[in-house]
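Presented below is the structure to which this report refers.
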Amino acid sequence: MQYALSILLSGISLGGQYALIAIGYTMVYGILRLINFAHGDVFMAAGLMMVYLTSFLGGLLPAGLVIPAGLLLSVALTVILGFVIERAAYKPLRSAPRMSVMISAIGVSYLLQNLATYVTGGLPQMYPEIPGLSKTVTIAGVSTKWVTIITPFLVVALVIALTQLINHTKIGMAMRAAAKDFETAQLMGVKLNAVISVTFVIGSFLAAVGSALYFTNYQSIVPLSGALPGLRAFVAAVFGGIGSIPGAVVGAFLIGISESIIKGSSWSVFSDAFTFALLIIILVVKPTGLFGEKVTDKV
Amino acid sequence: MSENVLKVENVTMQFGGVVAVDNLNLEVNKGEIVALIGPNGAGKTTAFNVITGVYQPTNGAVWFQGEKIVENHPQGKMKAMYKGEHAGEYSQVIAPTPDKVTRLGMARTFQNIRLWKSQTVFENVLIAKHCRTASNVFSATFRLNHKEEAAQRANVEELLETVGLSDVRDELATSLPYGKQRRLEIARALAAEPKLLLLDEPAAGMNPQETDELTAFIGEIRKRFGLTIFLIEHHMNLVMDISERIYVLDFGKLIAQGTPAEIQNNKRVIDAYLGVSEDA
Amino acid sequence: MQRTNQKGARTAFLCAAALLLIVLLIENLSVFLPAASVPKIFQSTSMLFTVLKKGVVYSLVAVSMNLLNGFAGLFSLGQAGFMLLGAYTYAILTIPVASRDTVYYIYNGSAINFSLPEIFGGGPVGLVLGVLLALILAGCVAALVAWLIGLPVLRLKGDYLAIATLGFGEIIRAVLQWDKLGPVTNGANALKSFPTFSSFNVQNDAGQVSLRLSCFVPFLLSGVCIAIIVMLINSTYGRAFKAIRDDEVAAEAMGINLARHKRMAFCISSFFAGFGGGMFAMYANQAQARTFTTAMTYEILLIVVIGGIGSVSGSCIASFLYVAASEWWLRFLDTETVLKSGFKVPLLRNGFRMVVFSVVIMIVVLFFRKGLMGDKELPDLFRRRRKEGAAK
């Protein structure tokens, strides 16, 4: 019983972290029809930035302020990173064939991973301990960290805030319009550049928050640390219905829990393969996912 | 009585709750030129798409040269949503892919020209011959089929001469002027060796002179290749000049059929579509 | 038009034959000439030959990927998985029986106890026949798996196809590393001791090399494969692929069965990827699942992009440039350099080479989208110049 509870808790915590990344994927895909391959690596970069910022600020600020300042700065820098990537690597190719944009996304992912290898010298970096998140707590006899409890609540709060933004603000309406019909939205005067930038900003912000939660649990960061969580988050987004934010969240929690179960079983070596297999099954059986919409092609 | 080439029987096409084609019945006989006209959104291209296998009809059947090639009846969620007639009359499901329909002997052109951008005029037409190739990928790769390929190439050269595009055979297809591109699309359809040619708005975007040339052209290819032609068109001059019979569609329903003279004097058609001449 | 095509084919054949001859000659300079007179670059241990071998193997894989992505328009990222299947099939079928216990030491011997070169009688004849058959079987295994995968996956559009094939690549890698399959695949350990390119060097009785064929053989193998791919592209089926790429709705309307032709392109491309995978194992002297990651697929993809999507000669040229740059010319970027004045050059240390690479690739993707050759081939460049010259 205790074992099952610890698996469940870890699954919920993972699921929440994946949800924050998945939302970024699903929003970008909904508007640009682009799988932002680099999103997982932005997540990893956020973690690395926190590591370097805290060690840099450690000499400048009093001890109590280092972590909060580091968090704020790393989130800000990650948002800027996401914004710059969109402007530099995706915007110029907006009218190019889809394959070119995808190749560009792969190129950015490749560049971020190689930069990380270069900067870290190939050595894993340890994420700093965030007081309040990394302290251990015991629930029903199972010992876990505070972050496991906080994650689902934080995720729900952020999703509610995001849904309010999308449904009740002008920029939110613009995003919904662009997701429904990109060209017509442009013709109707929607400032697409602003909409797309806001999408990437929101996605990167959530990824940065997610990285703080995730790396508190898995403190060792290597250049490839973003690739797998990113992939799992992407599968979650597809599972929930690409383009649907609630779908991405539901999908993410389901994926987080199933990953937790598999990792705890004897088939743990197939954990990654399972994620891919699940993705392929969804794409073949029900490509629109749980909450997605069906689109018919007009000839 | 000339033999029946195409028979559309009780075809209804429903997308969700929207009925695009409502219980359509029409016939095209050998050697005829038949036109399908109607206002925009009447369901004409949808009808074409059902006939050529692009869409599966919600209900009804299509016969080609005496054989049933398409059949369907409402299934799953559609059973409850079906609004049309003749429900329960069709039990089979025959759903060919468009390439199968083409190989049976039907070829079409598109409302928005769909030529292969990276290929030349010659290659665009040659590719349409691929469906008539008997060789498999091995013999084609190792050139064991060179006789068949030479024959196909000669055939394409002839075709290009017939349609008057020989002088531009090595140009990129999309570098041609609009009128020539439309002619190329027709030549490409002809290369697939069809018995029935479906033309979707062949005169779209043409000026009166080009339309006249196209009218003569369609008459000529019918004679030369022994074709039956079924066309969708908005240019009334072309339609009235060349068609033997006309079907009129409005909001997915057939509202009239007959010879050009009959259609021109049909009140329903005039109200829905043709309008009255100003100096009447 | 036919006559120019035939003349073009004959020229291409002669050029290829000349290239093979040149490779054979420069490789054997160190055998026939006295050691002192051979410049360092043509010595048998020189980087030039490593680059030539790896470059020609990558050429084949890049062309196979271009066939699928560039000519048929199917964006697939599963190449590394098929190379892996090919490499393992080749290795498993050719490891000499005597060495099997050593290679499979963790599993107490291999489940497969024959090797193709030995079945064909050993010696040079056995080697040639065994290796050739093993490589062809390597391609066949890859093509078979491609056929199975293709059934569900080829219906997917664009990005989804890419991600699904990427996924299959990873699944294949996980399966081949599975402990339970150890007696066949050696689990997570490397497969070794199989015939490599160097096995083709002719040795005299004293054990000295009398004729080097270690560069000639891969060039010959790749050359033949690439020639077959080119013939396919120029055949009616190749044109059908291009039609599917340009407008598949029109292609279907003109009688081309999409599912069948897409599967055909997928299987043929995977066959050559598997064949290339077997050749890669011969180059690397070992086959290990860990090498064939998604990063390898990205490498090949980037080579295809740099060379020009839709250009066979572009892929070949870009392969050699890429391998030369990464293995040879740009190595200096990774070494910490201190100039004579004592000034330490900033930025240069381990990992910088890959960063520079990634930046170059982004520049090509963003500003030189057509790559080196666009969708033209090498003969097209010459034909254009001749036309211009005649006009003058």
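In the range A:134-164, whose amide N lies under 18 Å from the spot 7 Å out along Cα-to-Cβ of A:Y218? List them in ranges.
A:134, A:145-149, A:151-152
Taking each pair of distinct Cα atoms in the range A:2-285 once, what is the resulting Kirkwood hydrodynamic radius in Å? Each step should come with its number before you reach the end.
Details: mean 1/r = 0.0518 Å⁻¹.
For the range A:2-285, the Kirkwood estimate is 19.3 Å.
What distance in nm separates the two pseudo spin-label positions at B:E67 and C:F114, each 7 Å out from Cα along the beta-carbon direction?
It works out to 4.6 nm between the two label points.
At a 10 Å Cβ-Cβ cut-off, how would you order B:H73, A:H39, fewest neighbours first?
B:H73, A:H39
For the protein assembly as shown, go through all pairs of different Cα atoms, get the mean of 1/r, take its inverse, and jot down that Kirkwood value in Å.
It works out to 31.8 Å.
Taking springs between alpha-carbon atoms closer than 10 angstrom, which of C:Q43, C:Q203, C:Q286 fluctuates most in the Gaussian network model of chain C?
Comparing C:Q43, C:Q203, C:Q286 in a Gaussian network model of chain C, the most mobile one is C:Q203.
Suppose R0 equals 45 Å; then what is the FRET efficiency for B:M81 and B:K117 from their Cβ-Cβ distance, rounded to the nearest 0.05? Mind dumping the intermediate values first?
Working: r = 39 Å, r/R0 = 0.87.
For B:M81 and B:K117, the calculated efficiency is 0.70.
What is the spin-label model distance, in nm, from B:N4 to C:S326 if the labels are put 7 Å beyond Cα along the C-beta direction?
Those two pseudo-labels are separated by 6.4 nm.
Mind listing the phi-derived Karplus ³J(HN,Hα) values for the range B:50-57, rounded to whole Hz, using 6.51, -1.76 and 1.60 with θ = phi - 60°, and x for any glycine or proline?
Once rounded to whole Hz, the list reads 5, 4, 8, x, 5, 10, 8, x.
Based on the mean of other beta carbon atoms within 10 Å per residue, what is the order of C:229-236, B:90-97, B:263-270, most packed first?
Answer by packing, highest mean first, reads C:229-236, B:263-270, B:90-97.
Amide H of C:G109: which non-local residues (sequence gap of 5 or more, or other chain) have their own amide H closer than 5 Å, using H built in the peptide plane?
Close amide H contacts, sequence-distant or interchain: C:Y104.
Working out 0.36 nm times the residue gap between C:A16 and C:D205, then minus their Cα-Cα distance, what length gain in nm do you get to one decimal?
Details: separation 189, 0.36 × 189 = 68.04 nm, distance 3.29 nm.
Additional length available on full extension: 64.7 nm.
Under 12 Å from a point 7 Å along the Cα-to-Cβ line of C:R290: which residues of the range C:297-339 have their amide N that close?
From the range C:297-339, the list is empty.
Among the trypsin sites (Lys or Arg not before Pro) in the range A:91-155, which ones are in a DSSP loop with at most 12 other Cβ atoms within 10 Å of the Cβ? Mind listing them?
In loop regions of the range A:91-155 (DSSP not H, G, I, E or B), the sparsely surrounded trypsin sites (Lys or Arg not before Pro) are A:K135.
What number, in percent, do you get for the relative contact order of chain A if the mean sequence gap of Cα pairs under 8 Å and at least 6 apart is divided by its residue count?
Rounded, it is 36 percent for chain A.
Please arrange A:D181, B:D200 by counting, for each residue, the other beta carbons lying within 10 Å of its beta carbon, fewest first.
Ascending Cβ contact count within 10 Å gives the list A:D181, B:D200.
Quick check on chain C: take the gyration tensor over C-alpha atoms, sort the square-rooted eigenvalues as a ≥ b ≥ c, and tell me if it's rounded (a/c under 1.5), prolate or oblate. Write down the numbers at each step before the final one.
Working: a/c = 1.33, a/b = 1.11, b/c = 1.20.
The shape class here is rounded.
Quick one: what are the phi-derived ³J(HN,Hα) couplings along the range C:281-291, Karplus 6.51/-1.76/1.60 with θ = phi - 60°, whole Hz, x for glycine and proline?
Once rounded to whole Hz, the list reads 4, 5, 5, 7, 6, 7, 10, 9, 4, 4, 6.
Partner chain Cβ atoms within 10 Å, averaged over the residues of C:228-239 - can you pull that number for me? Kindly include the intermediate steps, with their values, before the conclusion.
Details: counts 2, 1, 1, 4, 5, 1, 3, 11, 15, 8, 3, 9.
Partner Cβ neighbours, averaged per residue: 5.
Can you give the net charge of the other residues whose Cβ lies under 12 Å from the Cβ of C:G187, counting K and R as +1 and D and E as -1?
+1
Among the lysines in the range A:2-285, how many pairs, 8 or more places apart or on different chains, have alpha carbons under 29 Å apart?
For the range A:2-285, qualifying lysine pairs total 9.
Taking the alpha-carbon distance from B:K30 and a cut-off under 18 Å, which aspartates and glutamates remain once sequence neighbours fewer than 8 residues away in the same chain are dropped?
B:E3, B:E9, B:E67, B:E193, B:E220, B:E244
If you filter the range B:1-89 for GluC sites (Glu not before Pro), then keep DSSP loop positions with at most 16 other Cβ within 10 Å, what is left?
B:E3, B:E85, B:E89
For A:V190, enumerate residues with amide H under 5 Å from its amide H, sequence gap 5+ or separate chain, H modeled in the peptide plane.
Those qualifying (amide H under 5 Å, at least 5 residues apart or on another chain) number zero.
Compute the Cα gyration tensor for the range C:69-159, then decide on rounded, prolate or oblate, letting a ≥ b ≥ c be the square roots of its eigenvalues: rounded whenever a/c is under 1.5, prolate when a/b is larger than b/c in the other cases, and oblate in all that remain.
Verdict is prolate for the range C:69-159.
Express the relative contact order of chain C as a whole percentage, based on alpha carbon pairs under 8 Å and six or more residues apart in sequence.
On the way: 611 pairs, mean separation 103.2, N = 392.
So the answer I get is 26 percent.
How big is the gap, in Å, between the Cα center of the range B:212-232 and the Cα center of the range C:134-154?
After rounding, the separation between the Cα centres reads 47 Å.
What does the charge add up to near C:R349, with Lys and Arg as +1, Asp and Glu as -1, over the other residues with Cβ less than 9 Å from its Cβ? Let's see the in-between values first.
Details: positive: none; negative: C:D334, C:E336.
Summing Lys and Arg as +1 and Asp and Glu as -1 gives -2.
Starting from the range B:177-259, pick out the chymotrypsin sites (Phe, Trp or Tyr not before Pro) whose DSSP state is loop and whose Cβ has at most 16 other Cβ atoms within 10 Å.
B:F251
Just rank B:S166, C:S193, fewest to most, by other beta-carbon atoms within 10 angstrom.
B:S166, C:S193
Report, to the nearest 10°, how far helix B:208-225 tilts away from the longest principal axis of the Cα atoms in chain B, using its own Cα long axis and a range of 0 to 90°.
70 degrees
Ratio of the range B:112-193's C-alpha Rg to 2.2 N^0.38 Å, to two decimals? The partial results should precede the final answer.
Values: Rg = 12.9 Å, N = 82, 2.2 N^0.38 = 11.7 Å.
My calculation over the Cα atoms of the range B:112-193 gives 1.10.
Taking only C-alpha pairs under 8 Å that are 6+ residues apart, what is the relative contact order of the range B:112-193 in percent?
Reported as a whole number, the value is 54 percent.
Would you mind getting me the FRET efficiency between B:A154 and C:L378? Use the beta-carbon distance for r and R0 = 35 Å, nearest 0.05.
According to the calculation, E is roughly 0.75.
Would you mind getting me the FRET efficiency between C:S198 and A:R94? Use the beta-carbon distance for r and R0 = 56 Å, nearest 0.05.
0.65
Just grab the label-to-label distance for A:I281 and B:L274, each label 7 Å out from Cα along the Cβ direction, in nm (one decimal).
6.2 nm
Below 19 Å, Cα to Cα, which lysines can C:K192 reach? Residues fewer than 8 away in the same chain don't count.
Excluding near neighbours in sequence, the set is C:K53, C:K54.
Bear in mind these aren't lab numbers, they're just calculated from the coordinates by the rules spelled out. All figures in this text were calculated on a predicted structure; none of them were measured in a lab. All Cβ positions, glycine included, derive from the backbone under ideal geometry; neighbour counts span all protein chains shown.
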